[in-house]
Amino acid sequence: MKNLKPRIQTPDATPRRWEFSRWKFPQRLAAGFTILFALWQFLSPVSCAAQDDSGQSLPEYEVKAAFLCNFAKFVEWPTNAFAEKNSPIIIGVFGDDPFDGYLAATAAKIGIINGHPLRVRKVTFTADLRNCHIVFISKSLKKADVPTLLNGLQGVLTVSDMPDFTANGGVIQFLQEAGHIRFAINAVAAKDAGLNISSKLLMLARKSPTGGIDAKPCFLCEMFL
């Protein structure tokens with residue numbers, strides 16, 4: 001057997017790469033667990049693979065309905081947004097309803113979030129938007145009308161899948177690329193609406209602090225949906 005001499009590193013020697021990275025490992029591991037926990041919270045009871053029992057992809061608006069309901073887990077509304085501690089979280093649909101019953105079914109399945117039961121309703125008049133906590137704005141509406149529609153709308157999480165929604169002042173915009181459903185968040189619009197969005201949700205989204213959509217892919221959403 002060869003004699004193995006201990007390797008002595010002089011002060012001028014360059015440390016090995018792993019000697020730097022090993023000190024960062026606990027922080028990276030903790031960050032990884034935080035992300036996984038956020039995913040588990042966000043997607044439950046939604047199927048992580050976005051497929052049914054037969055392995056077929058779920059309909060687009062069934063997946064979006066699941067996202068829409070689960071957003072409520074990660075949003076803090078102003079203190080005056082609820083009349084009572086157990087007042088419902090109202091999810092409104094403004095414009096043509098594309099969900100085909102999926103939204104109401106998902107809300108019923110989740111039931112209660114932070115002590116508030118989920119309720120879904122159709123919104124016909126713009127004045128009634130203020131009576132909702134989450135509003136899905138349909139693509140059936142004219143994009144040019146969105147800035148006026150959102151102007152001064154306080155305490156309401158606005159969501160849509162119409163193009164340039166976050167650029168026009170919306171809070172969350174669904175994106176669909178290569179068969180994957182993702183979402184962008186306009187953090188400035190959320191703050192202006194008086195909403196506090198959890199960092200756990202922000203980790204799962206493309207950040208859109210100035211209204212524009214980041215060109216980087218949302219790899220976490222792509223992995224799980």
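The values are calculated or read from the model by the stated rules, or taken from the named source; none is laboratory data. Given the structure is predicted, the values throughout are model-derived calculations rather than measurements. In this analysis, Cβ positions are derived from the backbone assuming ideal geometry, glycine residues included, and neighbour counts consider all displayed protein chains.
Assorted remarks:
- Conditions (1) at positive phi; (2) surrounded by fewer than 17 Cβ atoms within 10 Å (Cβ to Cβ); (3) at pLDDT below 90; number of the one not met by Gly101: (3)
- Restricting the range 158-207 to residues that are hydroxyl-bearing (Ser, Thr, Tyr) and modelled with pLDDT of 90 or more, the residue that is nearest to the chain's Cα centre (by Cα): Ser198
- The range 73-98, subset within 17 Å of Gln154 (Cα to Cα) and touching a Gly at 6+ places or on another chain (Cβ under 7 Å), residue surrounded by the fewest Cβ atoms within 10 Å (Cβ to Cβ): Pro78
- Consider the range 104-130 and keep the residues that are among the hydroxyl-bearing types (Ser, Thr, Tyr) and in a helix (DSSP H, G or I). The one that is surrounded by the fewest Cβ atoms within 10 Å (Cβ to Cβ) is Thr126.
Yes/no per residue for (1) of a type outside the set (A, V, I, L, M); (2) modelled with pLDDT of 95 or more; (3) outside any helix (DSSP H, G or I):
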| residue | (1), (2), (3) |
| --- | --- |
| Leu36 | no, no, no |
| Trp40 | yes, no, no |
| Val46 | no, no, yes |
| Ser54 | yes, no, yes |
| Glu62 | yes, no, no |
| Phe67 | yes, no, no |
| Ala83 | no, no, yes |
| Ser87 | yes, yes, yes |
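- Candidates Asn131, Asn151, filtered to the one that is more than 14 Å from the chain's Cα centre (by Cα) and modelled with pLDDT under 90: Asn151
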